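Worksheet: one structure, shown below.
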Amino acid sequence: GMWMGGNLPLGYDRPKESTHKLLVNELEAETVRTIFALYLKLGSVHALERELVKRAIHSKRRETLKGKVIGGAPFSRGALFHLLRNQIYLGRIMHKDESFEGEHDAIIDQSLFDQVQQSWRRRPEQRRRRPGWRRRRILAPRNPQPPPGPPPPQPAGSTSSALPLDTSASPCLALSLV
């Protein structure tokens, strides 16, 4: 498999003229290895994201032909998920959901890559087994509603832009205002 163009992944530089072989950028490659190792140590992409911010490790910075700078920012969780699943770091090229041996050198060995992929397969089971996880979810609503009852009194002299409340459609609301 040959590199056919697009955004260069962290750890690689543009191929030399008239070739399609990505060149390893050793400084960036070490960053990729660090990200994989930190993920295994920390066990979650959320924790990894926070650790990379602390260490000031950012995405690949590149400049377009028009001079616009792209990247060089903290990694998002989505970008980290993509990086940690990207087979390009194994020396492979993906094309239409198929993986092919690439011409470029691998940055990550198969064992490290597999450990990261396996940790995702174990995670959902671990979350389900954690005691009390359902109870916490039920007791902590996502969007808490204000308590029923009349709105708090307005200070003297203030004008409210609120529309009058129509209680005819809801018997519960009508009862709570009585």
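The values are calculated or read from the model by the stated rules, or taken from the named source; none is laboratory data. Computed from a prediction, not measured in an experiment: that's the story for all the values here. For neighbour counting, all protein chains shown are included, and Cβ atoms are generated from backbone atoms with ideal geometry for every residue, glycine included. When the accessible area is computed, the model is the full protein with side chains, heavy atoms only, and any ligands, DNA or RNA have been set aside. Shrake-Rupley method; radii C 1.70, N 1.55, O 1.52, S 1.80 Å.
The set of residues from the stretch 5-28 being at positive phi and at pLDDT 85 or above comprises just one member, GLY11. Restricting the stretch 64-80 to residues that are in contact (Cβ under 8 Å) with a residue 24 or more places away in the chain and assigned to a loop (DSSP other than H, G, I, E, B) leaves a set whose member that is least open to solvent (accessible area, probe 1.4 Å) is PHE75. Looking only at residues of the stretch 95-109 that are touching a helix residue (DSSP H, G or I) at 6+ places or on another chain (Cβ under 6 Å) and either open to solvent by 50 Å² or more (accessible area, probe 1.4 Å) or among the aliphatic types (A, V, I, L, M) (or both), we find that the one that is farthest from LYS21 (Cα to Cα) is ILE108. Reported count of residues in the stretch 81-111, each being touching a Gly at 6+ places or on another chain (Cβ under 8 Å) and assigned to a loop (DSSP other than H, G, I, E, B), is 7. Count, please, the residues in the stretch 15-56 that happen to be outside any helix (DSSP H, G or I) and either aromatic (Phe, Trp, Tyr) or surrounded by 13 or more Cβ atoms within 10 Å (Cβ to Cβ) (or both). Summing the residues that are outside any helix (DSSP H, G or I) and either aromatic (Phe, Trp, Tyr) or surrounded by 13 or more Cβ atoms within 10 Å (Cβ to Cβ) (or both) in the stretch 15-56 gives 8. Pairing each residue of the stretch 42-63 that is more than 15 Å from LEU27 (Cα to Cα) and in contact (Cβ under 8 Å) with a residue 12 or more places away in the chain with any residue that is surrounded by 15 or more Cβ atoms within 10 Å (Cβ to Cβ) and β-branched (Val, Ile, Thr), provided the two are 6+ apart or on different chains, yields C-beta distances under 8 Å for LEU48/ILE35; LEU52/ILE35.
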